[in-house]
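Trainee: Here it is: the structure, laid out below.
The values are calculated or read from the model by the stated rules, or taken from the named source; none is laboratory data. Small disclaimer: the values here were computed from a predicted structure and weren't measured. Please note: Cβ atoms are built from the backbone with ideal geometry, for glycine as well, and neighbour counts cover all protein chains shown. Note: areas computed on protein heavy atoms with side chains; ligands, DNA, RNA excluded. Shrake-Rupley method; radii C 1.70, N 1.55, O 1.52, S 1.80 Å.
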Amino acid sequence: MSGHSKWATIKHKKGAADKARGKLFAKLIRQVEVAAREGGGDSDANPTLRTMFQKAREASVPLDTIERAIKRGTGELEGVRYEQVSYEGYAPHGVAVIVECLTDNRNRTGSDIRTIFSKNGGSMAEPGAVSWQFERKGVILVSKKGASAEVTEDDLMLAALEAGAEDISDAGDQWQVTTPPSDEPAVRAALEEAGMIVDSAEVTLVATTTVPLESENDARQVLRVIDLLEEHDDVQNVYANFDIPDSILTMVSV
């Protein structure tokens, strides 16, 4: 499990996700709206909208709020028009970072992201400068405690690989299943059908190379940049290729 994934899991356990629930709602609603605008409001015919709808429901976004976002996306209701834009850069110690945004003002957002990098020991990079260090994958986290019994690696392998999974790894209290992006829904469905509890499932960017952060100070410097980026209203996702040992991660998560 990548250092970034471990940090995201720890933040959730600490309750940071609950504090940011309102901000999470806003980000998910934007994603639903853009998906509806680009692919139509019928989730059966728009797989991106179907995925965003599911993510919003899993985060307990009210159904009527989601439906209004879809109508804004299709033009049935008036709303702000958002566009997708990505930025690449480096956090301290050469950690590669990709920032995905939805914004109604590209100039403002670009300036804000550049400022976060430059004021915290990082720098913006040209498009393509760091993206080659990542690949898009489906990532499914499965609880080791199934609905009726413990989920063993053999059980998981049998269900996941038959459905199209590429890899399985141990992630502490969970198993991490990696899939090609297009196979993520089918693999998730197969795991749930086998009685396994899926804690999360998404198509995300996975680092192909990592930068080890071996000291508490180095880890804090990088995590500060990541946290500031994630707190920005226009930022939807932040991906980074740092790897922090569990012993250091425990220190910085206190």
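Trainee: By the scheme Lys and Arg +1, Asp and Glu -1, what is the net charge of all other residues having a beta-carbon under 15 Å from that of Q133?
Mentor: -2
Trainee: I would also like to ask the following. Starting from region 160-254, pick out the GluC sites (Glu not before Pro) whose DSSP state is loop and whose Cβ has at most 15 other Cβ atoms within 10 Å.
Mentor: E166, E214
Trainee: How much area per residue is accessible in the chain when the probe is 1.4 Å and only protein heavy atoms are counted (Å²)?
Mentor: 51 Å²
Trainee: Normalise the Cα radius of gyration of region 100-254 by 2.2 N^0.38 Å (N = residues in it) and let me know the number.
Mentor: Normalised Cα radius of gyration, region 100-254: 1.21.
Trainee: Can you send over the carbon and sulfur percentage of the accessible area for region 99-211, probe radius 1.4 Å, protein chains only?
Mentor: On region 99-211, the fraction of accessible area on carbon and sulfur atoms equals 47 percent.
Trainee: Treating only the Cβ of Lys, Arg, Asp and Glu as charged (+1, +1, -1, -1), what charge dipole size does region 98-254 show about its Cα centre? Round to the nearest 20 debye.
Mentor: Here region 98-254 has a charge dipole of around 700 debye.
Trainee: Work out, in µm²/s and without decimals, the Stokes-Einstein translational diffusion coefficient of region 187-254 at 4 °C, 1.567 mPa s, Rh from Kirkwood over C-alpha pairs.
Mentor: Stokes-Einstein gives a translational diffusion coefficient of 89 µm²/s.
Trainee: So, one more: Can you tell me what the convex hull of the Cα atoms of region 132-195 projects to on average, as an area in nm²?
Mentor: 4.3 nm²
Trainee: Which loop-located GluC sites (Glu not before Pro) does region 52-96 contain, where loop means any DSSP state but H, G, I, E or B and the Cβ has at most 10 other Cβ atoms within 10 Å?
Mentor: Listed in order of number, the matching sites are E78.
Trainee: Something else: Out of N241, W175, V32, whose Cα points farthest toward the positive end of the dipole of the chain (charges: +1 Lys, Arg; -1 Asp, Glu; placed on Cβ)?
Mentor: Of the options given, the answer is V32.
Trainee: Can you put D170, D112, D154 in order of accessible area, largest first, using a 1.4 Å probe?
Mentor: Output order, biggest surface exposure first: D154, D170, D112.
Trainee: Something else now. Through the Karplus equation 6.51 cos²θ - 1.76 cosθ + 1.60, θ set to phi - 60°, convert the phi angles of region 111-119 into ³J(HN,Hα) values in whole Hz; use x for Gly and Pro.
Mentor: Ordered by residue, 3J(HN,Hα) equals 5, 4, 5, 4, 5, 4, 4, 5, 7 Hz.
Trainee: Moving on. Quick check: with the 1.4 Å probe, what order do I197, I168, I140 take by accessible area, largest first?
Mentor: Ranking I197, I168, I140 by accessible area, largest first, yields I197, I168, I140.
Trainee: Arrange the residues L213, L24, L205 by how much accessible surface each exposes, largest first, with a 1.4 angstrom probe.
Mentor: So, going from the largest accessible area down, we get L24, L205, L213.
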